[in-house]
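The values are calculated or read from the model by the stated rules, or taken from the named source; none is laboratory data. Keep in mind the model is a prediction, meaning the values are calculated, not measured. Here the Cβ positions follow ideal geometry from the backbone for every residue, glycine too, while neighbour counts run over all protein chains shown. Quick note on the areas: whole protein, heavy atoms, side chains included, nothing else; ligands and nucleic acids left out. Shrake-Rupley method; radii C 1.70, N 1.55, O 1.52, S 1.80 Å.
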Amino acid sequence: MYVVEQWDSVDLNLQSGPFTVPSDPLALELDFATGTVPPLPWIRPTLYVEYSAPTDRAGQAYGGTVLPITPATVADGLAGLPWAAAAPRDLEIRARFEATEHKDAGRAIAWGWADPIQDDRTARWSRSTARDREHVSPWGEAIAKDRRAYVSPWIMQTPYRDATKGFAWYTVNLTGTVYDDSAAYQALLQTDTATTITLATDSGEIDVLDPLALDFRFGFHKPSRPIVPHDVSKRITARQAAPRDNSRSLPWGAGQSVWHDYNLPYPVEPNPVEPPPDPLDPPEIKTVYLSMNTLQITDVDTDTPLHVQGVSIGLDIDSLSWKFSGTLFGQGSLALVAPSAGGMKDISVVINGHSWVFSIERYTSDERFPTEKFTISGVSRTQYMAAPFAPTRSYTNALATTAAQAANAELNNTGFTLTWPTGDDEDLPDWPIPAGALSFRDKSPAQVVAQIVTAVGGIMVPSMASDGWTVQPRYKVLPWDWGTSTPDAGIYIGMVRSRSAQFEPAPEFNSCFVSGVSQGEAVDVQRQGSGGTNPMPDIYDDLITDSQAAISRGKAELAGTGNKVVETLSVMIPENGAAPGVLVPGMLVKVMHDDSQKDYMGLVLSTQISAQRAGGAAIFQSVTLERSA
């Protein structure tokens, strides 16, 4: 407003020129005040500003000024110039908006046409200028925005705070499982139920005037539920370690295996369902079998064919190598295979597609004019790791190791290998051996490996034509489970030339106490469901250092008890590798009849192959089976 001097007349002048009195003199209101300072406080303007802020510290996105506009009334029809725009001499000017003439409309501007100077009034809290801090608001001095504990009525009513209070939960479900709405969603998609929709409000139903103006959207609305963390796992499973975890060689001494005790203190998930085994390759069932047998024997070094008759090849379940014998004709042939100062010489034997490699270790002569014949005998190459060909030594392990590691260590740098699978239930387990538990004196590498393997009821099956063994349990499947297991090979009774059997009675035990000696584990192994009422003599072995080893040895001992039938069958060897092939000791064989009720299973204890001569000769394998009585 203006400060009026003490004169009799007043000229109303604005910056744009003289002010013209409107046609209605009552529309002009003059307020003459005494003194040099405008009267305070001013009358509250019609348009007022209300500031609102969120409860927490204001961010950049919430720093604006909300300017609610209410309708002006006659009593409040006063307009005030912006504070920053008033000159010192312009103390007060008030005019009614509705009384302003058209030419003054440019000065009585609408809020939407504010000069750039009005932009500073909508500054964020963090960008307040110096003059904004000196502003005296009608509701009093504002509280510092960083005072979070302060609650005032005008803050409590802000829209942001009201929206925050609309949440349905206040915590997180830490023990719940992740929600899966797929079933409900699919059910919604697959529904064929007719839907009736009624449009209504609180005052009643709604009449649809234009059906095209309706827009319906149907979907699945997830219910309000607490948040469930996705990265929290509380499921712990226990299972047998993979082969790579079997290495427990500790440089600071013996360690205790975490797998030594099967009685885990927490529930154990059942073993995963294994896929069914590959079906048995059945033998051909014929009324008459016609076979063109082949026998080729050559010198390995020169690939020279050898004239050998009366060939015999055999292996039993506890042997470390295959055995060979035959009759050789001619001094020239003998010179190719006879042992010399350089060592033994090798021959290759192929019978109906099945190959062996033998080292000839000795021969005897039987010369009668005009015939020169020699009886030669040999072994498969695995015999090189046994006496007298391999050196013997004495040893006690100073560091902890495992059974498979100790066995393979005996074959290091020899060219011979040991295949020891451990990933299946039918495999021989690998177990930890602490320092000092493995001790032997004057034994060859093959004998040491056999000592380790037989300690837990295993056998070593020598390869036919390569340098190595395969380790497996003596009973891959326990005899009382043979009826539901898949055999390794099948023999049709029509392939059997002759058969003989011998009944061997023996007590049947159902419990076996197996223990280490100076260290290790002691386990009472019982046949499931028997109660262990008939125990057999206790078993002690220095290498029973883990419960896995004790259980494996106990199962082998119990499987060998009870009445048995030892049966010998003379079976043909079909050509081209057809079933049943060569039956190797340790295999589980099923003897098949025309009447399936007569079928039975047996464990191969030994195999003896005979071929009288090459070229169409009759070739049979004599297989000894052990079966339950």
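On inspection, VAL566 qualifies as modelled with pLDDT of 95 or more and surrounded by fewer than 19 Cβ atoms within 10 Å (Cβ to Cβ).
Say whether the condition of being farther than 23 Å from GLU521 by Cα and crowded, with 19+ Cβ neighbours inside 10 Å is met by at least one residue in the range 397-408. Within the range 397-408, not a single residue is farther than 23 Å from GLU521 by Cα and crowded, with 19+ Cβ neighbours inside 10 Å. Selection of the range 441-489 for residues being in a strand (DSSP E or B) and surrounded by fewer than 20 Cβ atoms within 10 Å (Cβ to Cβ) yields ARG441, ASP442, LYS443, GLY468, THR470. None of VAL523, VAL571 is in a strand (DSSP E or B) and either small (Gly, Ala, Ser) or open to solvent by less than 20 Å² (accessible area, probe 1.4 Å) (or both) except VAL571. Among the residues of the range 302-320, what is the count of those that are within 16 Å of THR607 (Cα to Cα) and not in a loop (DSSP other than H, G, I, E, B)? So the answer is 6. For the range 164-184, residues that are modelled with pLDDT under 75 and either open to solvent by 70 Å² or more (accessible area, probe 1.4 Å) or basic (Lys, Arg) (or both) total 6.
Considering only the range 320-356, state which residues are of a type in the set (Val, Ile, Thr) and either crowded, with 19+ Cβ neighbours inside 10 Å or more than 18 Å from GLY581 (Cβ to Cβ) (or both). Scanning the range 320-356 gives THR327, VAL337, ILE347, VAL349, ILE351.
Picking from residues in the range 211-231 that are part of a loop (DSSP other than H, G, I, E, B), open to solvent by 80 Å² or more (accessible area, probe 1.4 Å) and over 18 Å from ALA200 (Cα atoms), the one that is modelled with the lowest pLDDT is ASP231. Checking the stated criteria, ILE285 turns out not to satisfy the condition of being of a type in the set (Val, Ile, Thr) and buried (at least 21 other Cβ atoms within 10 Å of the Cβ).
Restricting ASP546, ASP538, ASP542 to those that are touching a strand residue (DSSP E or B) at 6+ places or on another chain (Cβ under 9 Å), in contact (Cβ under 8 Å) with a residue 40 or more places away in the chain and open to solvent by 60 Å² or more (accessible area, probe 1.4 Å) reduces the list to ASP542.
Any chance the range 474-495 includes a residue that's more than 37 Å from the chain's Cα centre (by Cα), in contact (Cβ under 8 Å) with a residue 12 or more places away in the chain and within 30 Å of ASN412 (Cα to Cα)? Checked the range 474-495: no residue is more than 37 Å from the chain's Cα centre (by Cα), in contact (Cβ under 8 Å) with a residue 12 or more places away in the chain and within 30 Å of ASN412 (Cα to Cα).
Tallying residues that are assigned to a strand (DSSP E or B) and either without any contact (Cβ under 8 Å) to a residue 12 or more places away in the chain or in contact with a Phe, Trp or Tyr (Cβ under 7 Å, 6 or more places away or on another chain) (or both) within the range 328-345 yields 3.
Scanning the range 357-379 turns up no residue that is open to solvent by less than 50 Å² (accessible area, probe 1.4 Å) and in a loop (DSSP other than H, G, I, E, B). When restricted to residues that are over 21 Å from LEU428 (Cβ atoms) and either open to solvent by 70 Å² or more (accessible area, probe 1.4 Å) or under 38 Å from the mean Cα position of the chain (by Cα) (or both), the range 502-512 contains 7.
Being touching a strand residue (DSSP E or B) at 6+ places or on another chain (Cβ under 8 Å), over 22 Å from GLN309 (Cα atoms) and open to solvent by less than 10 Å² (accessible area, probe 1.4 Å) is a property that holds for GLY554.
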